[in-house]
Structures are given as C-alpha cells and as structure tokens.
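The values are calculated or read from the model by the stated rules, or taken from the named source; none is laboratory data. Owing to the predicted nature of the structure, the values given are computational and were not obtained by experimental measurement. No Cβ is skipped: glycine too gets one built from the backbone with ideal geometry, and neighbour counts run over all protein chains shown. Protein only, heavy atoms only, side chains kept; ligands, DNA and RNA dropped before computing areas. Shrake-Rupley method; radii C 1.70, N 1.55, O 1.52, S 1.80 Å.
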Amino acid sequence: MQVLAGPILRRMTPERLTFWLMTTEPASVSLALVENQQTLLDLSEAQAVDFHTQVKAGENLFIHLLDVSLKNTLPTQSIIHYDLRLNGLDWTHWAKDFVYPDHPLPFFILQPRVNSLLHGSCRKPHHPSKDGLLRVDELLEKTAPTEWPSLLMMSGDQIYSDDVAAPMLWAIHQLIPKLNMPNETLPCVQIDNSQTLHQDTSYYYARETLLPANDANRSMLAQVFGGVRKPVFTTDTAHNHLISLAEVLSMYALVWSPTGWETLLEADGWTIPSGLTDEQKSDFLKRQATLQTFVEGLPKIRRALAHLPVAMIFDDHDITDDWNLTAAWEETAYNHPFSARIIGNALLGYLLCQGWGNCPERFSTQLISDAQDVLNHPGTDKHDHLVQALFRFSKWNFTWQTTPPLVVLDTRTQRWRSEKSLESPSGLMDWEALTDLQQQLKGLEAVIMVSPAPIFGVKLIETIQRVFTWFGKPLMVDAENWMAHPGSAHTLINMFRHKKTPKNFVILSGDVHYSFVYDIQLRGPQRGPDLWQITSSGIKNEFPKRLLDFFDRMNRWLYSPKSPLNWFTRRRRMKVIPNKPETADHGERLLNAAGISLVKFNTDGSPQAVVQMCSDGRDI
C-alpha cells in the first residue's frame, strides 16, 4: 500500500483531532498519542472505525478522514507524538523522510492561543518562482516546537484546476490508470467519456474545442475557455482546464506529496504527448523543468503538512477563474451541462480534499454517502444531482475556536447579485451572510478574519476595475473586490463600526499575487476598532513586476492617506496607512515575492509583527 498524499493535519483541538490522507488500498487505521513517553491515547483498529471515514474514489484510490473526538482533553504547548498505522504499518513503510531529526514519530503542538500563524495563497505548480511552502518546513525544522506557529492558513487557490501546465496534465493522465478510476460519462459531443479524454492527446492545449459551435452551444462557447477574451473559464491558459472528476482528484494527489510522481517518473520518466506542435513541445519542455523542481520539494511539503494544523478555503482557481464574479457568469456557467459538470467536479474535489477537514460536522453522513455513490458511478443522474446540491450548499465557511477565533469567510458561493445589471460584479457576500457574520462577531474582543480577496485593497487597481465595470467589462480585469458592490461594502463598513464587534480585527487575505500590510483607522467622533489588512500572495505565484511597480507608485501618488482623492471613494470614512516593506525602495508599498507570511500577535489579538518569508530565502 502507498500513501498517495498526507497524512495532513487539519483541525486540531484538545478535544478533537482531524487527519486527512489518500491511499492506494483500503485501510484500517489505529492511532496512538504519546507525550514524554506516556501514552495519552491508544485507539485500536476496532475502536477507530467509529472515527474513520473512508471514501473509495477508484480501485486504487481511497480518501480518508480520521475525526477523533477525545474523552480526555489533551495538553497544550506540549509535543504530542502520533503513531498513525495503516493496516498495521507505521510511517516508516510509507514515507521514509516523514519525521524531523531527533524525533521517532511525527508530532503536533496544540496551541489554542494564537501567538503566531502562517498564511498564504495561490500555489501554481508551474510558476517559475520557488515553492513558498518549503519555508514552512524550514521554519519548523529550525525552531523549537513550542515556539511553532499555531497553524497554517491557506486562503485560496491551493490548486489551479483552470491553469494546468501540459506536463502536469500528462502526469495526471499517467496516474489515473494506475489508480484505476471509473469511467465518467461526459455531457460533450466530441468526447463523451473521461477514458477517451484522458487518452486522446489531440486535446492538449485545445480543450476549448471539445464542443461544436452549434446553436445550442454558441452562447456558452463564447464564454467558456475564453482565455484573454475572458468570461467563464477565464484564465489566459485555460486550454488544459481540468474536466473530469478523476483529473481533479489526481491533481490533489500530485500537489501535496511526491508519492504519485515517484510512481510515474521512476518507471519511464517524462514523455512528450504525441501530436504537439513545435511551439507546444517547447512550452512542454519549459514547464517540465519547472515542475521537476516543484516535485523535488514535495517530500518537505508533505513533512510540514503532517506536523502543523492546516486550514483551507477555496478561491476561484480551486474551481475556475472568476468563479461567480457576476450574475451573468452564473447563469451562463450553471445552465450548460458541460460547464456545470466541470465546475461541479472541481467543487466535489474541494469537498473531499479540502473542505471536509476544516469542519467535518458541517458535512453530513448523507452528503459523503452521496459523494461515494457518484464516485462509484460518475456521469450518471446522481452525479448531476449532487453537483446541483453542491451549488446550493451554504456551509463552506467555518470558524476555529482559537484565541482569537479564526473566522474564515466563504466569499464565493453566497454572493450579493448586483441590482443594476447581470454584468455588474456581485458582492462577495450577500446581506444575509454578512448579518450572520456580524452576529457571530458580537462580544468578541478580537478576531482573525480570513477573506480570500483583500477587504482593503490597492485603490488604483480597484479604480481601474471600476472603470472597466462602467464599460460593461468587469471580467476583463477580474473586477472582484469588496468595494465594487455598494450594498456589501456599506454593510461591511457598518459591521466594523458596530459598538459590539471586536476591538481588534486582523484580516488575512491572498488572491492578488502580491503582498502588503495596511493599518486602517475609521474616521468619526469616537475611535473605532483597530483594523489590519494583511495580504500574502502568492505561495508560488507573482504579479508581473513592471506592471506592479507602476501600479504601486501611481497608487501612492494618487491615494496616499492624505490625498483628497480618497474623499471620492468609500475611504472617505477611513484612513488607510500602508506599511513599507523593510527592503522597499522609496515610494514602494507592495511586495512582489512568492512566499509565506508569518504573523505574530500581541496578547490582545493585535499584530505584533508581520514577516514575509520569501521563497528565495529572504525574510522581509
């Protein structure tokens, strides 16, 4: 048996532990916890059945969630080693480099009080930057465990299902037969089943040609796989967009662990798919070299994720670019069976590989059973019914009861549709969701709030997005910011001003592919709460350098804290003070460097320090 991915620590509390993993065989599990050579828990295989859920995704692919409720509370601020055995085999049988030096077993530290945490977003495997998650492993290895961060918050785009390099798609297609996943019937004329899709190399770099341009498909094809033309599958490199459920689940196996890659590359190495043009072959080889470096770092990524609790929330690329940006986008994407299936498969993959571990009780036994039915017989009516149920599902957001609480927002599926036009940007959360959030925040002294998109962004970029929106082209510039929708912006600002909401708001965000820190002061006769916008993006992604330099300097000239132009924006009721990165040149406030952010907190929940641990080894 191989462990394809994991185990990854998910929500970990003194009363409840959650582990996620993928294996190539069905597995019975046992779990023992040890502190200072004293056994705290010894859960036999028979006892673990009550806490272990196993989903079969293929003859050789099983997804596991171990959600253990504890009778006795575990100690905090102490090293707790865990011996997780699969079919009686310990970690030495499935991951030779899985533990840190001088430790006999993997371990975790429970730290309900958040003195520090790590966060980041946007991890594109084929981006030429180094992998920021390697800095997480480096930090854990060189730091005393009792001084580790409490958790790692991954705030979106953990995978890029819409932006897949051809060598990654090749690897996915090599892995699927080894996992022996069932054939999925596809609502597509050109290729009507996933087995043919995975074997036909003529659709590399050309997945937008899968539907004929007849009357029934014309309006949808005008928007699907649109590249720079945007509208639905809008990434510029959507030609290799993941389609089948098997492709989505295989990609998850390949981004968090080296095991699948070892299986593929040790046999025959990389091969170039047949039928590619010279230009495509050149691109394939270029991306292959980048992915080879990515793969070489995966053992350390696997080790880090097995030692530090990880929270995850989706952003658009986990599903598809500009997901639910406008009401028109939703109507086009969800009312065509092919695009609905593609989106639904990505969302089901997110459920099983990310969302489930955040808050297992949110996902009913019936929902997981329905997912198993679909995995047994993909492409049937049950598949389409589950996809529609996931489109209506409203419990993707979650809260971890740390101190301060970690409140993670769903800014993708509960959108506030524009009343002006179906083409105008939707609010990132609707009135009901924002009202529920305000009720949740009442009475708290401090909160760590996670919004995948920054609540307070770069004003010049938001202004450009607004101009394009005026001309009816919000998708051309990803016009996706909190202030783009008047209703959600007004409700959000009022929530910050409410006298019963927290005194300290720390807002963690990603999405934008650059990093910055803002102090926000609300104007008024009485001092409002203290707000900090801390944005770290991306883990393995960066903004075009020259363009960001231009935006950065122009934004400082036009929208500095004392600029009168702020009075023509929603910032007239607040003062936004950008923090200058230590290594920045004069006039620069934005940091364009892949990596991960380390945020340290004071006892009152306010940030003490913010360090961007860059993937190139710098700390800024």
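Share of carbon and sulfur in the accessible area of the chain stands at 49%, probe radius 1.4 Å. Hey, what did the chain get for relative contact order, percent, Cα under 8 Å, at least 6 apart? About 16 percent, as a whole number.
Going by average Cβ neighbours within 10 Å, how do the peptides 499-507, 310-318 rank, with the highest at the top?
Working: 499-507: 18.9, 310-318: 25.1.
Sorting 499-507, 310-318 by mean packing, highest first, produces 310-318, 499-507.
Accessible surface comparison of Ser515, Ser560, probe 1.4 Å, protein chains only, largest first: the order is Ser560, Ser515.
Antiparallel as a % of all DSSP beta bridges within the chain, to the nearest 5? Bridges in the chain that DSSP calls antiparallel: roughly 75 percent. Going through the cross-link list Lys442/Lys545; Lys300/Lys442; Lys442/Lys600; Lys395/Lys580; Lys499/Lys545, which pairs have a Cα-Cα distance over 30 Å in this structure? Among Lys442/Lys545; Lys300/Lys442; Lys442/Lys600; Lys395/Lys580; Lys499/Lys545, the Cα-Cα distance tops 30 Å for Lys442/Lys545; Lys300/Lys442; Lys395/Lys580; Lys499/Lys545. When +1 charges are put on Lys and Arg Cβ atoms and -1 charges on Asp and Glu Cβ atoms, the dipole computed for segment 93-183 relative to its Cα centre reaches about 100 debye.
Packing, as the average of other Cβ atoms within 10 Å across residues, places the peptides 580-593, 350-363 in the order 350-363, 580-593, highest first.
Arrange the peptides 194-206, 109-121 so that the one whose residues have, on average, the most other Cβ atoms within 10 Å appears first.
In descending order of packing, they fall as 109-121, 194-206.
Solvent exposure of segment 327-447 amounts to 39 Å² per residue of accessible area, where only protein heavy atoms count and the probe is 1.4 Å.
For the set Trp431, Trp170, Trp557, solvent exposure ranked by accessible area (probe 1.4 Å, protein chains only) runs largest to smallest as Trp557, Trp431, Trp170. Here's the picture: charge each Lys and Arg Cβ at +1 and each Asp and Glu Cβ at -1 in the chain, and of Gly275, Ala327, Gly6 the one pushed furthest to the positive end of that dipole is Ala327. The listed residues Glu208, Glu296, Glu247 rank as Glu296, Glu208, Glu247 when sorted by accessible area, largest first, using a 1.4 Å probe. Near the amide H of Ser116, within less than 5 Å, lie the amide hydrogens of Ser150, Phe601, all on another chain or at least 5 residues away, with H placed in the peptide plane.
So if I place +1 on the C-beta of Lys and Arg and -1 on the C-beta of Asp and Glu, and nothing else carries charge, what would the dipole magnitude of segment 1-134 be about its Cα centre? I want it in debye, nearest 20.
Details: 11 positive and 13 negative charges, 121 e Å.
So the magnitude is around 580 debye.
Among the listed values (i) 3, 12, 18, 20, 20, 15, 8, 3, 1, 0, 0; (ii) 3, 17, 28, 28, 17, 6, 1, 0; (iii) 3, 9, 12, 15, 19, 19, 13, 5, 2, 2, 1, 0, 0, 0, the one matching P(r) over Cα pairs in 10 Å bins from 0, in percent as calculated from this structure is (ii). Centre-to-centre, using Cα atoms only, segment 407-422 and segment 157-213 are separated by 30 Å.
The charge dipole of the chain, taken about its Cα centre with unit charges on the Cβ atoms of Lys, Arg (+1), Asp and Glu (-1) only, comes to about 2620 debye.
Measuring against 28 Å, Cα to Cα, the residue pairs Lys540/Lys575; Lys420/Lys459; Lys124/Lys382 contain Lys540/Lys575; Lys124/Lys382 as the ones spanning a longer distance.
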